[in-house]
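Trainee: Shown below is the structure under consideration.
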Amino acid sequence: MSDDSPPDTDATGFSVRTVAERIGIPTATLRSWNQRYSIGPSEHRRGRHRLYSEADIVRLERMVLLVRSGSSPARAAESVRGPLSVAGDHASLVEAAFASDPGTVQSLLLAHIRASGVVDTWDRLCRPAFADIVQRQGAGEGCIDVEHVLSWCITAALHRAIPPSTDTSAPAVLLACTSGEAHSLPLEVLRAALAERRVAANMLGPNVPTPALGDALDRTAPGSTVVLWSQQESTALLSAVRKCAERGARVLLAGPGWQDIPTPDPAEFVDDLQSALSELLGTHMAEVIAFGR
């Protein structure tokens, strides 16, 4: 395939040189990925150069993010390969969850993550799906199991699409649910959103005993930031805040459990993912997504 391609337009597609410049990788790498992993241009007309579509570029951008986060090209290609989902099609997601079809649920989630990223997938797909399920629960329909299936599938899809960093250095961000708190999904979303932006985080998960926070911080880089998630007031433990502060960590409090409790010094409250990302990355994020459901 020659670089002497016709001018790029939205109608005809984009040449290999244009795509390489747009996503910041060499043309040789693009050709290698096309030959080895079939991640290449989909537009092919007889007698003309093969051109990349916008959908092709989305897949390549996702692949670049995964490779830069530590995935091998082969694993990244496997993750991004496949059809793109319809943006915001939460009805199909809910239908698959009610059908107890985790394979389809994960396929829909993976396609949306690959096409639109973590933040948009959570905001436009997952949260509306949870809202539908909660509405049915309020109407008396017994579907707690469906909520759990969807939660598990989201976590699995996030780990598959945005795998944890392979960086062996101690990360400066620690994510933990307080002791007794089992709702860790919002922290999984935050971890994946950070990983997309090449920021590693140490995910401790649900129900982290307060003494364990201190132990984890002893193994974490100095000057770390801890995000403590509490879903309900009973798990908004000030002892956890004090334990982190004793280790010199910056503490961010996330989740509805903290909302009716005066924010203790030196902790800061973040009430949505935009706030958390802005604080952790030190930059203003354009995406807006609320934690919780």
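Trainee: Which whole-number value in Å² is the accessible area per residue of the range 158-270, probe 1.4 Å?
Mentor: Result: 42 Å² per residue.
Trainee: Here is a follow-up. Tell me, what % of the accessible area of the range 160-240 is carbon and sulfur with a 1.4 angstrom probe?
Mentor: For the range 160-240, the apolar C and S fraction of the accessible surface comes to 50 percent.
Trainee: Right, another one. Could you work out the local net charge near Gly214, counting Lys and Arg as +1, Asp and Glu as -1, over the other residues with Cβ closer than 12 Å to its Cβ?
Mentor: On the way: positive: Arg219, Arg242, Lys243, Arg247; negative: Asp215, Asp218, Glu246.
With Lys, Arg at +1 and Asp, Glu at -1, the neighbours total +1.
The values are calculated or read from the model by the stated rules, or taken from the named source; none is laboratory data. Since the model is a prediction, treat every value here as computed from it, not as a measurement. Glycine also receives a Cβ, built like all others from the backbone with ideal geometry; neighbour counts cover every protein chain displayed. Please note that ligands, DNA and RNA were not included when accessible areas were found on the heavy atoms of the full protein model with its side chains. Shrake-Rupley method; radii C 1.70, N 1.55, O 1.52, S 1.80 Å.
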